[in-house]
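Encoded as structure tokens, the structure appears first; notes follow it.
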Amino acid sequence: MKYPNFFKLLLLISVCQLSTHTFAKQEAKYGPREFAVDNKWTAIVAAFAPEINAINHAFSQLNYAKIEKTLSIRGIKYQLGTYKGEPVVVFTTGISVPNAAMTMQMALDYFPIDKVVMMGIAGGINPEFSPGDISVPERWYFHDESVYANPVPNNNGDYILPDFYEQALKAYKAREKTDPHAPSYQNFGYIHPEEMAVIKHGWDHPKQMPYFSATPELIELTRQAVKAVSPINMPSGKSIKIQVGGNGVTGSVFLDNADYRNWLQKVYKAQVSEMESAAVGQVCFVNDVDWVIIRSVSDLAGGQQGKNVESVFDGIASGTGTKLMLGLLDQIVELEKQ
């Protein structure tokens, strides 16, 4: 009687081992792809045509910048090549937050990327900026995460705020005492700024993120690039201003309003405003990928007299930004060789 039971036990163990092996094999199909690559790639990223055209034109003029293969995946064109022998992938995210987040995550899923250098245009919030000037913020904030509130009836200036938002405001105000980069929140009429909660590996719950910080080493390499590159001028010959540091803001808004522009200066101490960077920063943050973003001023985000001139300067500003971007790539290559 012992032998049948013994064989039943062996059969049960074998079935369990087979099931465990099968499940592990199936699990391996899911989750992030692991790339067995020693020399990972730098992603060179833009949002739309004038920006990527400036990058492609610059590459075409350099014998050490080569595009060797072009792939189209889910409708996104990825240009694979090298810059001074270092592997790169060049692509556009598409305009605005959802496109930027989606395409950035797709690229990290498809390719062995460990650094992201984004270049594009932006609206100048800093009143010292003119078209063609360059900003490389250290921090990026979402400016249009908001609560739209009703006014208090028969009351001038107060709004009926949801309970969750009143509690959030208390936490935001407390943070201002300990974080020098925390926004100084105030409402813009019925628009009350809010923050999103972010989750990443190793956290057991989502956390409020007022901003995403570019990789300090890439910020420092950008500062070195500013010193190393030849002077960057507008077609008119006017020299441009380059500022590394400070804050940038992102939202699904083409900003062309002077009052809101002033509000962004008060609340976020913003230098520039655009529509993709904080989303790219969030994706890189969650994936532990190094990143930095170069923004060249194409317009004054509503601070101008008359009509916005973005369509006049988008190509020119993309050109000035590309020159600094190439200088940064030079610094990255030198660091990789050490």
Worksheet item: Whose amide H sits under 5 Å from the amide H of I242, counting only residues 5 or more places off or on another chain, with H placed in the peptide plane?
Response: I134
Worksheet, complete the sentence: Residue span S236 to K170: 0.36 nm per residue of separation minus Cα-Cα distance leaves a gain in nm of 18.7 nm
Discussion item. Could you derive backbone 3J(HN,Hα) for the stretch 293-300 from the dihedral phi with the Karplus parameters 6.51, -1.76 and 1.60 (θ = phi - 60°), listing whole Hz in sequence and x where the residue is Gly or Pro?
Written reply: 9, 9, 10, 9, 6, 9, 6, 9
Practice prompt. Would you mind giving the three semi-axes, in whole Å and largest first, of the ellipsoid equivalent to the stretch 22-97 according to its Cα gyration tensor?
Written response: 29, 17, 9
Worksheet item: What is the stretch 216-302 by shape, rounded, prolate or oblate, if you read a ≥ b ≥ c off the alpha carbon gyration tensor as root eigenvalues and call it rounded for a/c under 1.5, prolate for a/b larger than b/c, and oblate otherwise?
Response: oblate
Fill in: Among 54-62, 101-109, the order from most to least packed when residues are scored by Cβ within 10 Å on average
101-109, 54-62
Worksheet item: Given the convex hull over the Cα atoms of the stretch 83-227, what projected area results after averaging over all orientations, in nm²?
Response: 13.1 nm²
Worksheet item: What is the gain in length, in nm to one decimal, between N150 and K200 on full extension, counting 0.36 nm per residue of separation less the C-alpha to C-alpha distance?
Response: 14.6 nm
Worksheet entry | Placed amide H near Q208: partners under 5 Å, 5+ positions off or other chain | V198
Worksheet item: Karplus couplings for the stretch 128-133 from phi (6.51 cos²θ - 1.76 cosθ + 1.60, θ = phi - 60°), rounded to Hz, Gly and Pro as x?
Response: 7, 7, 10, x, x, 5
Response to the item:
Checked against a 22 Å limit on the C-alpha separation, the offending pairs among K115/K266; K77/K200; K40/K84; K84/K200; K66/K238 are K115/K266; K77/K200; K84/K200; K66/K238
Worksheet item: In percent, how large is the relative contact order of the stretch 238-338, given Cα pairs closer than 8 Å and 6 or more residues apart?
Response: 25 percent
Discussion item. Run the numbers for E34 and N262: contour at 0.36 nm per residue of separation, minus the present Cα-Cα distance, in nm.
Written reply: 77.6 nm
Worksheet entry | Relative contact order of the chain, defined on C-alpha pairs under 8 angstrom at six or more residues apart (%) | 25 percent
Worksheet item: Counting each DSSP H run of 4 or more residues in the chain as -39500 (n - 2.57), what helix-only mean residue ellipticity at 222 nm follows after dividing by all residues, to the nearest 500 deg cm²/dmol?
Response: -12500 deg cm²/dmol
Worksheet, complete the sentence: The long-range amide H neighbours of A270, using H built 1.01 Å from N in the peptide plane and a cut-off of under 5 Å, are Q265
Discussion item. Tell me the relative contact order for the stretch 118-193 as a rounded percent, counting alpha carbon contacts under 8 Å between residues six or more apart.
Written reply: 30 percent
Item to complete: Run a plain Debye calculation on the chain (Cα atoms as equal point scatterers, no solvent) and give log10 I(q)/I(0) at q = 0.07, 0.10, 0.15 Å⁻¹, rounded to two decimals, same order as the q list.
Response: -0.36, -0.65, -1.26
Item to complete: Output the peptides 71-80, 263-272 sorted from most to least packed, where packing is the average of other Cβ atoms within 10 Å over each peptide's residues.
Response: 263-272, 71-80
Worksheet item: Taking every DSSP beta bridge that has both residues in the chain, what percent is antiparallel when rounded to the nearest 5?
Response: 50 percent
Item to complete: Would you look at the GNM of the chain, springs on alpha carbons closer than 10 Å, and say which of F142, F164, F35 moves the most?
Response: F164
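The numbers here are math on the coordinates, done by the rules we state, and not lab data. No experiment lies behind these values; they were computed from the predicted model shown. A quick note on method: Cβ atoms are made from the backbone with ideal geometry, for glycine too, and the neighbour counts reach across all protein chains shown.
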